[in-house]
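Enquirer: Pasting a structure here, questions to come.
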């Protein structure tokens, strides 16, 4: 202890800040609270009792030292170590080696392999952050270090050490099931620390997750990769299912579903959105009064981009389709019409609409904005599409309905998100839904069709196929799927209308099992009448100005596709 105090002072810290200097016996004394048993009559709650037990004053340290000396006279070193190992916190809500062995591996501590025992031993330095239910990879890395030390100190042979490092300990199926998965990680990250991982109180958190839907999306991801994916592919996928108000019902952040403390691609991966961004270009145009039946010329088109030179967008097919309606341009995911429309309505306005819908990231400044050059998370994109379904109001995706202490009836925290302000008019949103329905019924998203249900959505594939998206909705649920590699390796023969659409379809079929089909909240556009030429009496000359009026009318029709 004196040595630890000296080191702390020499390094510019307080005497008890940094190195602790406690022996195993002193730590055991602390775990025993110097022999004091918790009495509800003496303490406000267990948190206060625990805090007192863990205090680190000089007086407390001295008291622990005296208590430790008394323990040394009564117990052997092995007995003290046994007390310590049976009381130390080992993460995951488990106190003691036996409880931890049952919690993580489903077996008694005396049945553990060397790799499993090393994992438990490694937890003692930082039980919460190293717990395998919190971060399995980190726990395995720590166990590998423990195995190496055991070999260096003669407890294991080189072969035994190598075997343990090459086949690290894994959670039992029961532990995996209790790990909570990506949804639980996301919820705990959204809860203040003093209500979550740092509290010693019993906390009740009511979430939005639907266990039936969670199982459905997990099974869908597994099924598609096993039956339709390329054999041996290491590509990752993520999926989010939510209601139109942003309540998240299911979430998978990677192909291995029953994990905790790992990278969540649904909430943490910011990826280019590709053509999945285009609905926000069309939403902007519809809000300004454009019709889904207005036409735009799909022909070679170039822009001079300051600092970059000439930029000429191309369609995915490398073909041009002359005059096309806005509906067809979205249905077939044509790039040139999307860029032209974005330039016509103004990039700043497109950026504002997308941001108001919930895409909370810095967006591309140039004309490639319309083609999804910006980055977003799957959760944000799915939430933005929920805004289209609900009639044009923004949503904040949320997973917590209520948080309270088990001893209280009053909630400490209510719903963590929901619907916000209106972004576009309901008529504009409903016409956009009508356009997006054509993507699935007739266009690039045909593989996402759900028998008996109307569905709307949009495919998205980024440059060099590094990301593939499919996001869409029925009247009941919104779902988003992303697929790609963590290191940005291009996908092999995968587009948003391929495997992502099939994962989406497989998941949504399971999600809607047993539900009664409902129509989408969509509004067909008013038909645009062809210009009517008034009948002319025989031998009557055109009145002054009539030819000019026809010329102006023809010019407007060429530009906008209507009078």
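FYI, it's all coordinate maths here, none of it is from the lab. In this text the structure is predicted, and so the values were computed from the model without any measurement. A quick note on method: Cβ atoms are made from the backbone with ideal geometry, for glycine too, and the neighbour counts reach across all protein chains shown.
Enquirer: Taking Cα atoms, how many degrees apart are the long axis of helix 77-87 and the longest axis of the chain, rounded to 10 and kept between 0 and 90?
Expert: Roughly 30 degrees between the two axes.
Enquirer: Let me ask you something else. Quick one: order 51, 61, 74 by neighbouring beta-carbon count within 10 Å, fewest to most.
Expert: Sorted ascending by nearby Cβ count, the order is 74, 51, 61.
Enquirer: Grab the beta carbon distance between residue 441 and residue 263, set R0 = 60 Å, and tell me the FRET efficiency rounded to 0.05.
Expert: 0.95
Enquirer: Does anything in region 265-282 have its amide N under 11 Å from the 7 Å Cα→Cβ label point of residue 233, and if so which residues?
Expert: Zone members listed by number: none at all.
Enquirer: A further question follows. Could you check the spin-label model distance between residue 99 and residue 170? Points 7 Å from the Cα along Cα→Cβ, value in nm.
Expert: Using points 7 Å along Cα→Cβ, the separation is 2.8 nm.
Enquirer: Take the Cα gyration tensor of region 395-519, multiply each eigenvalue by 5, square-root it, and list the three semi-axes largest first, rounded to whole angstrom.
Expert: Value: 31, 21, 16 Å, ordered largest first.
Enquirer: Quick one: 205, 440, 359, fewest Cβ neighbours within 10 Å first, how do they rank?
Expert: Going from sparsest to densest Cβ surroundings: 205, 359, 440.
Enquirer: Still on this structure: How large is the helix-only mean residue ellipticity at 222 nm for the chain, computed as the sum of -39500 (n - 2.57) over DSSP H runs with n ≥ 4, divided by its residue count, in deg cm²/dmol to the nearest 500?
Expert: Using -39500 (n - 2.57) per qualifying helix, the result is -12000 deg cm²/dmol.
Enquirer: Right, here's the next one. When the Cα centres of region 385-431 and region 52-99 are compared, how far apart do they sit, in Å?
Expert: Cα centroid to Cα centroid, the span is 47 Å.
Enquirer: Continuing with this model, one more query. Set the Förster distance to 56 Å, then compute FRET efficiency between residue 48 and residue 515 from the Cβ-Cβ distance, nearest 0.05.
Expert: After rounding to 0.05, the efficiency reads 0.70.
Enquirer: How high is the relative contact order of the chain, in percent, counting Cα pairs under 8 Å that sit 6 or more residues apart?
Expert: It rounds to 13 percent for the chain.
Enquirer: Put a dot 7 Å past each Cα toward the Cβ at residue 155 and residue 312; how far apart are the dots in nm?
Expert: 6.9 nm
Enquirer: Explain nothing, just the number: relative contact order of region 312-382, from Cα pairs under 8 Å at least 6 residues apart, as a whole percent.
Expert: 26 percent
Enquirer: What ranking of 36, 510 emerges when the number of other C-beta atoms within 10 Å of each C-beta is taken as an exposure proxy, fewest first?
Expert: Final ranking by Cβ density, sparse to dense: 36, 510.
Enquirer: Quick one: if you stick a label point 7 Å off each Cα along the C-beta vector at residue 322 and residue 74, how many nm between them?
Expert: It is 9.7 nm.
Enquirer: Further, regarding this structure: In bins 5 Å wide, starting from 0, what share of all Cα pairs of region 201-345 does each bin hold, as a percent?
Expert: Cα pair-distance distribution for region 201-345, in percent: 2, 7, 13, 13, 13, 12, 12, 13, 9, 4, 1, 1, 0, 0.
Enquirer: Can you give the convex hull volume per residue for the Cα atoms of the chain, as a whole number of Å³?
Expert: Enclosed volume per residue, from the Cα hull, is 228 Å³.
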